[in-house]
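The values are calculated or read from the model by the stated rules, or taken from the named source; none is laboratory data. From a predicted model like this one, the values you see are computed outputs, not experimental measurements. So basically every Cβ, Gly included, is an ideal-geometry build from the backbone, and we count neighbours across all protein chains shown. In case anyone asks, the SASA skips ligands and DNA or RNA and just uses the protein heavy atoms, side chains included. Shrake-Rupley method; radii C 1.70, N 1.55, O 1.52, S 1.80 Å.
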Amino acid sequence: MVLGLPAAVNRTKTFQGAVCVLNSLQYKSSASERLHVRQENPGLQLQNMHGFLQRTGITVNELDKLNVIHVTGTKGKGSTCAFTERVLRGYGFKTGFYSSPHLVHVRERIRLNGRPISEQLFCKYFWETYEQLEDTKDNRGGSMPFYFQLLTLMAFHVFLQERVDVAVIEVGIGGQYDCTNIIRKPWVCGITSLELDHCSLLGDTLEKIAWQKAGIFKPGVPAFTVRQKAGPLRVLLHRAEDIRCPLWVCPELDQYETLVGPVHLGLTGEHQRSNASLALQLSNSWLQRHRARETGDDLSLALPSCRPGSQAAIFQPSSAMLEGLQETDWLGRNQKLSCGSVTYYLDGAHTTDSMQACVSWFRQETMHRDKTQGPGVRILLFNTTGERDSAALLRLLLPCQFDYALFCPNNTDSPANSSAAPHSSSECAATSRCRENLRIWQSLNTTFNQQHYHLVASSVSGSLVFPCILSALRWIRQRKHPQSVTPQSSESPHRLREGGQVSVLVTGSLYLVGGVLRHLEPSVDS
């Protein structure tokens, strides 16, 4: 654990000082060392959270008052939370929303009524939380929480002090041992699509991952999941039975549409339909339990009447629900941003299933664009972090037939910017990974073009590595090689210099998407 702060850390009680101190709480050990510790004692961080929570002056009884909706899963949990929060806000409830990671600034992680908390509120609640922990550390061996732990504690403090009616809490990693699982009495739980991710921590099969995710189930608390593969669904059902948690499988969104007609979503992509269906069940369950409590009825009467393990009952969504689904926005997920003749397609896909969905969305969008505006140039801007399988993700991107593939680390033009997303590796290692991604892409392209030469009119795919996001964006805007960058291809971007429409897919990492947004849309940083 963090035992102290470097002498150089800015301790002034300003917003920037708060972010500086928060960033100092990131892990100082190597990734392999952290992994070994978590594998040896996976529940250690959650155990420590109980002590940290007590030191901030919050009791678990107070957490019970937050009326929590707790959501986990591999992909889509942030989008599901965003749908759910927007629906309940449409009913006039004051909402709290805790999510991770952030794209542009850390305040995104803690939201009130859908908006990131202000710098003033962040500063106020950060220092209140941090100072209580620091004042008590001498009696606890000098221990202080890590980055995610402190933000989780701070989110609880914010939601309690701001008296939100409902708190939508997204799990960080897994479920069973996640820091957010200190919540013992949520009102309803949800599990989104499961996929292989964080395998070194959660297990190398979908069944093992399902066991971890089901760790958020609580006795007597209703839970819902989207349709899953047979193996992991069995695990979810068995764990729900063992914990005595009633679990239902969500219907498809088109089943609601038989009652209300087409359901329009604020988030594009076919995969968002299952997230929206889960959000409908979560918000409806929460509303029923809220009404039961308001009328003094037994909360168990608000449980769905259908048998646990079966499909959840289809109900007619209210106009507020339909409006909420349509007005939901969530940065960096199937987001399209036009900048003159360049259109950026932003999606933080970093698993194989989510990348397949991303590719389907991008191809559909560019196909429509080509029909209406003529063929344009397609550019890939890509990066991965952690244990992601770059080759598997890049292989899925081949059918997009990019003219250029750009690789850069997640750092912007100013890696030392204290409000930037935290980095898990040195700049040297990050650049080395980019060069390896470039090598993989070139190898995959060669094989792909040999196998599909009769389908591909032009097999040109220039590959370049850039030192930061800004240099890659400048290359795209200027449409020529900047002198400060040595491209890893002898290609000269003639097609770019010819003008016309340019489509840029930014994917592989949410941090990469956030860095691009920081440059393209400065307003999101305020």
message: Among the residues in segment 254-268, are any without any contact (Cβ under 8 Å) to a residue 24 or more places away in the chain and within 23 Å of G92 (Cβ to Cβ)?
response: no
query: open to solvent by less than 20 Å² (accessible area, probe 1.4 Å), under 20 Å from T72 (Cβ atoms) and outside any helix (DSSP H, G or I), is that true of G142?
result: no
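Take L196 and tell me if it is assigned to a helix (DSSP H, G or I) and among the hydrophobic types (A, V, I, L, M, F, W, C).
no
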Filtered residue count, segment 314-352, keeping only those that are open to solvent by 50 Å² or more (accessible area, probe 1.4 Å), in a loop (DSSP other than H, G, I, E, B) and in contact (Cβ under 8 Å) with a residue 12 or more places away in the chain: 4
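Quick check on this structure: which one of G175, G190 is closer than 21 Å to L282 by Cα, touching a Lys or Arg at 6+ places or on another chain (Cβ under 6 Å) and either surrounded by fewer than 23 Cβ atoms within 10 Å (Cβ to Cβ) or not β-branched (V, I, T) (or both)? Step through it out loud before you land on a result.
Values: G190 fails: touching a Lys or Arg at 6+ places or on another chain (Cβ under 6 Å).
That would be G175, the only listed residue that is closer than 21 Å to L282 by Cα, touching a Lys or Arg at 6+ places or on another chain (Cβ under 6 Å) and either surrounded by fewer than 23 Cβ atoms within 10 Å (Cβ to Cβ) or not β-branched (V, I, T) (or both).
Criterion first (part of a helix (DSSP H, G or I) and either at negative phi or under 25 Å from the mean Cα position of the chain (by Cα) (or both)) does H238 satisfy it?
yes
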- request: Considering every residue within segment 170-182, establish whether at least one is outside any loop (DSSP other than H, G, I, E, B) and in contact with a Cys (Cβ under 6 Å, 6 or more places away or on another chain).
  value: yes
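Right, L265: open to solvent by 30 Å² or more (accessible area, probe 1.4 Å) and among the aliphatic types (A, V, I, L, M) or not? Steps first, answer last, please.
Numbers: open to solvent by 30 Å² or more (accessible area, probe 1.4 Å): yes; among the aliphatic types (A, V, I, L, M): yes.
Taking the combined requirement at face value, the residue satisfies it.
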- line: Checked pairs for segment 111-130, first on the phi > 0 side of the Ramachandran plot, second buried (at least 17 other Cβ atoms within 10 Å of the Cβ), C-beta under 8 Å and 6 or more apart or across chains, list as N113/R89; N113/T95; G114/E85; G114/R86; G114/R89; G114/T95; G114/F97
query: Scanning for something open to solvent by 60 Å² or more (accessible area, probe 1.4 Å), touching a residue at least 60 places away in the same chain (Cβ under 8 Å) and among the β-branched types (V, I, T), does segment 294-311 turn up at least one residue?
result: no
- request: Please find, within segment 511-526, the residue that is modelled with the lowest pLDDT out of those that are small (G, A, S) and either open to solvent by 10 Å² or more (accessible area, probe 1.4 Å) or touching an Asp or Glu at 6+ places or on another chain (Cβ under 6 Å) (or both).
  value: S526
task: Tell me, yes or no, whether segment 76-89 has at least one residue that is among the β-branched types (V, I, T) and modelled with pLDDT under 95.
output: no
field: Selection count where residues are open to solvent by less than 50 Å² (accessible area, probe 1.4 Å) and either assigned to a helix (DSSP H, G or I) or modelled with pLDDT under 75 (or both), scope segment 388-413
entry: 10
- prompt: Scanning for something modelled with pLDDT under 90, in contact with a Gly (Cβ under 9 Å, 6 or more places away or on another chain), closer than 29 Å to I440 by Cα and assigned to a loop (DSSP other than H, G, I, E, B), does segment 355-371 turn up at least one residue?
  reply: no
task: Return yes when V506 is open to solvent by less than 10 Å² (accessible area, probe 1.4 Å), modelled with pLDDT of 90 or more and farther than 18 Å from N410 by Cα and no when it is not.
output: no
message: So S274 passes all but one of these: (1) of a type in the set (G, A, S); (2) crowded, with 24+ Cβ neighbours inside 10 Å; (3) over 14 Å from G324 (Cβ atoms). Which condition number does it fail?
response: (2)
